[in-house]
């Protein structure tokens, strides 16, 4: 199974390198179906996978000046308390069948939401420009914190949302922010959020550390190769295939 894990990490890493999204949204279903992990352990393992793989990306974006730290701080002001509260509630109530069902359902919904955000990437920017007429600048900080709160709960329950969904929410509130700064800000926010949620799940015993190590070994060269292939493969084709995979996985998880 070690080689399967390494190849799985490589495959997911390549898709992340090609599209910039799809890490958590593809890794968690993979952990459920191929490696037969329970939903809780799959989510906890994927949170650590996301945190570690995005740390280098966050540092690179920071060095290039692609991170709006004010927006990142506002998102974290909502997401970190929400994540801590969600994990604390799991500790307090214990892992009942109800929680298992909630985790599975949240995962399925998050997968479908990610598919929608990826499929209609250009639409969200146009919608954000229209929303500017109705959302004054004075309200944006509070709305950003609320978006962070939503992401904190979603990521803690499903391990998905800190990537494509987070970037979409940033784009809706700050449509005039450069695309590279949207991506950099989203990644910078994802690292501490997935770390906090990952630590919370680890305290519940929801991480397969051996499997995580094998996945990371494969993902590092996968991300690099995927990034090199970006120029050679049509983005529309890649995103279409990714959306089909996300919808299929989401419907399978919910059902």
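The values are calculated or read from the model by the stated rules, or taken from the named source; none is laboratory data. Everything numeric in this text was worked out from a predicted model, so none of it was measured. Please note: Cβ atoms are built from the backbone with ideal geometry, for glycine as well, and neighbour counts cover all protein chains shown.
Here are a few things to note about the model shown:
- With respect to (1) at pLDDT 95 or above; (2) surrounded by fewer than 19 Cβ atoms within 10 Å (Cβ to Cβ); (3) under 16 Å from the mean Cα position of the chain (by Cα), the lone exception for residue 73 is condition (3).
- Per the listing 211, 193, 169, the residue uniquely without any contact (Cβ under 8 Å) to a residue 60 or more places away in the chain and either at positive phi or surrounded by 18 or more Cβ atoms within 10 Å (Cβ to Cβ) (or both) is 169.
- Some residue of region 56-67 being modelled with pLDDT under 90, crowded, with 18+ Cβ neighbours inside 10 Å and under 14 Å from the mean Cα position of the chain (by Cα): yes
- Residue check for residue 210: modelled with pLDDT of 90 or more and either over 26 Å from residue 84 (Cβ atoms) or outside any helix (DSSP H, G or I) (or both): yes
- Pairs meeting the criteria (first residue in region 131-142 and free of Cβ contacts under 8 Å to residues at least 40 places away in the same chain, second residue in a helix (DSSP H, G or I), beta carbons under 6 Å, at least 6 apart or on different chains) are 140/173.
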